[in-house]
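The values are calculated or read from the model by the stated rules, or taken from the named source; none is laboratory data. Being a predicted model, the structure only gives us computed values, none of them experimental. Glycine gets a Cβ as well: all are built from the backbone with ideal geometry, and neighbour counts include every protein chain shown. These accessible areas exclude ligands, DNA and RNA; they are computed on the full protein's heavy atoms, side chains included. Shrake-Rupley method; radii C 1.70, N 1.55, O 1.52, S 1.80 Å.
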Amino acid sequence: MKKAEIIKLFGLITVLYPRDTAFSRPSESMVDAWAAMLEDMTLDTAAAALQRHAALCPFPPSIAELRAAMLPRGLGADEAWGIALRAIRKGGVYRPEKAREIAGPEVWPLMERMGYRDMCMTENADVLRGQFTRLWDARQKRRTENALLPPSIKRMALGQAGRAARPGLKSSD
C-alpha cells in the first residue's frame, strides 16, 4: 500500500478503536513502516482484514495480525491425516497411484516423504498418526510464517541466503 492508503487505513482503525489514539495522529516514520510492511496488500484487502480483526479482538491490530487475518485457512492436521488414511486404505501397497490421486497435491508430498509403502505396512497407526500430524503442523507453521512476510523481507532473506551459499564471500561483501 501507498502512504496515502496507510493513512486511510489508520482512519479506519481510529473509527473502530476510538479509545486508542496511536493511529489518530501517526508519525511519518509510523506511516513509512506500515507502508513498507503492507506493500503487497491493497487498501480493500487490509480493510477486510481489519474488519475481521475488529470482530474478534478488542485491541487494534498489529501488522502481523492484519497479515495473518488474510491468510487462507489450510487443512488442519486431523483433516490431512483423514485424507492420508483414506488414500492408504484405497490405494494400499500395490496401488500408490490411486493413493496419490486421493491424497492430492497437498497431502501426497508428506506421505511420500514419510515413505508411502512404510505407511501402508505399519502396525502401529497411532504412532504413524502422531508422526504425520507433527510433520504436518511443522510444515503448516513454515508456510504460514513465509506467507506472513512482506515481499521486501523475502527478497532480503533470499539475497542474504544467496551470498551465504557462495563460498569465499564474507558476509560484508
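Within the range 74-88, at least one residue is in contact (Cβ under 8 Å) with a residue 60 or more places away in the chain and part of a helix (DSSP H, G or I). Residue-level check: of (1) open to solvent by less than 100 Å² (accessible area, probe 1.4 Å); (2) assigned to a helix (DSSP H, G or I); (3) modelled with pLDDT under 95, Asp126 misses just (1).
All conditions but one from (1) open to solvent by 60 Å² or more (accessible area, probe 1.4 Å); (2) without any contact (Cβ under 8 Å) to a residue 24 or more places away in the chain; (3) in a helix (DSSP H, G or I) apply to Ala99; the one that does not is (1). For the criterion of being within 26 Å of Arg155 (Cβ to Cβ) and open to solvent by less than 30 Å² (accessible area, probe 1.4 Å), Ala46 passes. Remark: Arg52 falls outside the filter, which requires a residue to be assigned to a helix (DSSP H, G or I) and either at pLDDT 95 or above or crowded, with 17+ Cβ neighbours inside 10 Å (or both). Cβ separations smaller than 9 Å between residues 6+ apart or across chains give the following pairs from the range 10-33 residues that are open to solvent by 60 Å² or more (accessible area, probe 1.4 Å) to residues that are not in a helix (DSSP H, G or I): Leu12/Phe23; Leu16/Pro60; Pro18/Ser24.
Looking only at the range 55-81, residues that are open to solvent by less than 40 Å² (accessible area, probe 1.4 Å), among the aliphatic types (A, V, I, L, M) and out of contact with any Asp or Glu (no Cβ under 6 Å at 6 or more places or on another chain) come to 6 in all.
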